[in-house]
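What follows is a short report on a single structure.
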Amino acid sequence: MNRFTAKAPARANIIGEHTDYATNQGHVLPTPLPFHTTVTVQETDGTAGHLTILSENYGNQPHDRKADDEPRHHWTDYVVGCVRVMSKTVKLPALEFRIKSDVPIGSGISSSAALCVAAVRALRGLTGAELNDEQIALMAHEAEHDYVGVPCGKMDQFVASLGRPGQALLLNTRAMTYRHYPLPPNTAIMLVNCGKKHDLAKGGGYKQRVAECAEARKLLGVSTLCELGHKDLGRLSTLPDVIRRRARHVITENLRVLEFVTALEEGDTERQADLIAASHVSQRDDFEVSIPEIDALVESSKRFGIRAARIVGGGFGGSIIALVPRDQAVAWWSFIAKENPESQLISTYALKNSENEYAA
Ligand code: GLA
């Protein structure tokens, strides 16, 4: 019986948070992380459409699902969604999926996109369907967005599918064009979980932000918020307070991504730190997706002397990302851990002259 195994990574977003919604279509700058989800798909004897799904992380207990099931608000929905999307392209037999993953769940590093991209890749391998990595990303997005019902943008699936270890992916979510950039040299990318999980599929906050951006777009009469720039910020004064602040975050965050890329090219670490710090303030005060535990981590980082720290991912919990000079990374984490005993270091990978240490 045919069988195929594929994997996909988690991600951290360097900068460009909440800019990728369909209403916003701005830029993002994520990078893949050295955590992966692996999916093995195997053809089985049952009736076509019958699915058995097991995950090592959930005790390898088999879950029986059908390709035409309605979503059940269960983790297996992600796999069912991928099967449904794939079956628009190829005819699928009965299948068994075996999943293993070292991606921490609920930390804001996109365990769901890693699962969906790995599942669609495994199905591509099993069926021999001719799909490129962009199509894989779009299919994984369709599974999560349309079937599971998470109103997410396309950043996570694109970086899981197209990202290169040790590089950032500058993605324009309007044109769907992208470019790879080396990460800042001699910099450790530190990710610290605040101890409170987030779940985009369940959490109402993210959905509400998506609705607020739609409202801003409607009131401003534009097709996407990120077509607006600095010179348009005055136009926001006509909007109700909350909607004005949401739009201001999205527009300024999109501009910060582009400025960050320039600072990256120029090796201007001070400017990079300013932009990351400003991203946090904007997410805390204008977009209101931070929580006190996350703000406390960012403040600790500042007290240590590192301004380049901010909330990462969908918000309402999860993690911070901080760009820390390699030779200060250990001391930085000891300081943060002491001030925030609930926090956990979930990833650090340090880059030496753009050479990636984990990508062996
Ligand atoms: C989640 C979503 C992404 C993006 C981020 C916030 O990770 O899946 O599409 O919107 O939140 O930047």
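The values are calculated or read from the model by the stated rules, or taken from the named source; none is laboratory data. These numbers come from a predicted model, not from an experiment. We place every Cβ from the backbone using ideal geometry, glycine too, and count neighbours over all the protein chains shown. We work out accessible area using only protein heavy atoms, side chains counted, and drop any ligands, DNA or RNA first. Shrake-Rupley method; radii C 1.70, N 1.55, O 1.52, S 1.80 Å.
For this structure, a couple of remarks:
- The GluC sites (Glu not before Pro) of the range 68-143 that DSSP puts in a loop, and whose beta carbon has at most 13 other beta carbons within 10 Å, are Glu130.
- The aspartates and glutamates whose alpha-carbon is closer than 13 Å to the alpha-carbon of Lys91, local same-chain residues fewer than 8 away aside, are Glu43.
- Label-point separation, Glu227 to Arg164 (7 Å along Cα→Cβ), nm: 3.3 nm
- Taking each residue as 0.36 nm, the span from Asp146 to Glu134 lengthens on full extension beyond its C-alpha to C-alpha distance by 2.6 nm.
- The phi torsions of the range 121-129, fed into the Karplus equation with coefficients 6.51, -1.76 and 1.60 and a -60° offset, translate into couplings of 4, 5, 5, 4, x, 5, 9, x, 4 Hz, rounded to whole numbers, with Gly and Pro shown as x.
- Mean separation of Cα contacts under 8 Å, 6 or more apart, over the residue count of the chain: relative contact order %: 22 percent
- Net length gained if the chain between Asp102 and Asn60 were fully extended (0.36 nm per residue, minus Cα distance): 13.7 nm
- Protein accessible area in the chain, 1.4 Å probe - carbon and sulfur %: 49 percent
- Debye-sum result for the range 187-359 in log10 I(q)/I(0), which assumes one identical scatterer on each alpha carbon, at q = 0.11, 0.12, 0.13, 0.17 Å⁻¹: -0.51, -0.61, -0.70, -1.09
- Trypsin sites (Lys or Arg not before Pro) lying in DSSP loop within the range 66-155, provided at most 13 other Cβ fall within 10 Å: Arg72, Lys88, Lys91
- Sites Glu339 and Thr262, calculated FRET efficiency, Cβ-Cβ separation with R0 35 Å, nearest 0.05: 0.60
- Cα-derived Rg to Rh of the range 70-117, Kirkwood definition: 0.99
- A straight line joining the Cα centroids of the range 242-305 and the range 148-209 runs 15 Å.
- Once the Cα atoms are used to define both axes, helix 329-339 deviates from the longest principal axis of the chain by about 90 degrees.
- Where the range 228-360 is the region considered: accessible area per residue in Å², 1.4 Å probe: 44 Å²
- C-alpha long axis of helix 269-281 to longest principal axis of the chain, angle in °: 70 degrees
- Mean-position separation - Cα centroids, the range 5-59 and the range 97-145, in angstrom: 4 Å
- Debye-sum result for the range 3-182 in log10 I(q)/I(0), which assumes one identical scatterer on each alpha carbon, at q = 0.09 Å⁻¹: -0.28
- Magnitude of the charge dipole, the range 212-360, Cβ model with Lys/Arg +1 and Asp/Glu -1, debye to 20: 280 debye
- Ellipsoid fit via the Cα gyration tensor, the chain: semi-axes of 34, 24, 19 Å, each the root of five times an eigenvalue, largest first.
- Couplings 3J(HN,Hα) of the range 170-176, computed from phi: 7, 10, 8, 7, 8, 7, 6 Hz, in residue order, whole Hz [Karplus 6.51 cos²θ - 1.76 cosθ + 1.60, θ = phi - 60°; x for Gly and Pro].
- Of the residues Ala140, Ala119, Val150, the one whose Cα sits farthest toward the positive end of the charge dipole of the range 117-158, with +1 on the Cβ of Lys and Arg and -1 on the Cβ of Asp and Glu, is Ala119.
- Long-range amide H partners of Gly313 with built H, under 5 Å: Asn13
- Our helix-only sum for the chain, with -39,500 (n - 2.57) per DSSP H run of n ≥ 4 divided by its residues, gives a mean residue ellipticity at 222 nm of -11500 deg cm²/dmol.
- With Cα atoms, 0 to 90° folded angle of helix 76-86 axis to the chain main axis: 70 degrees
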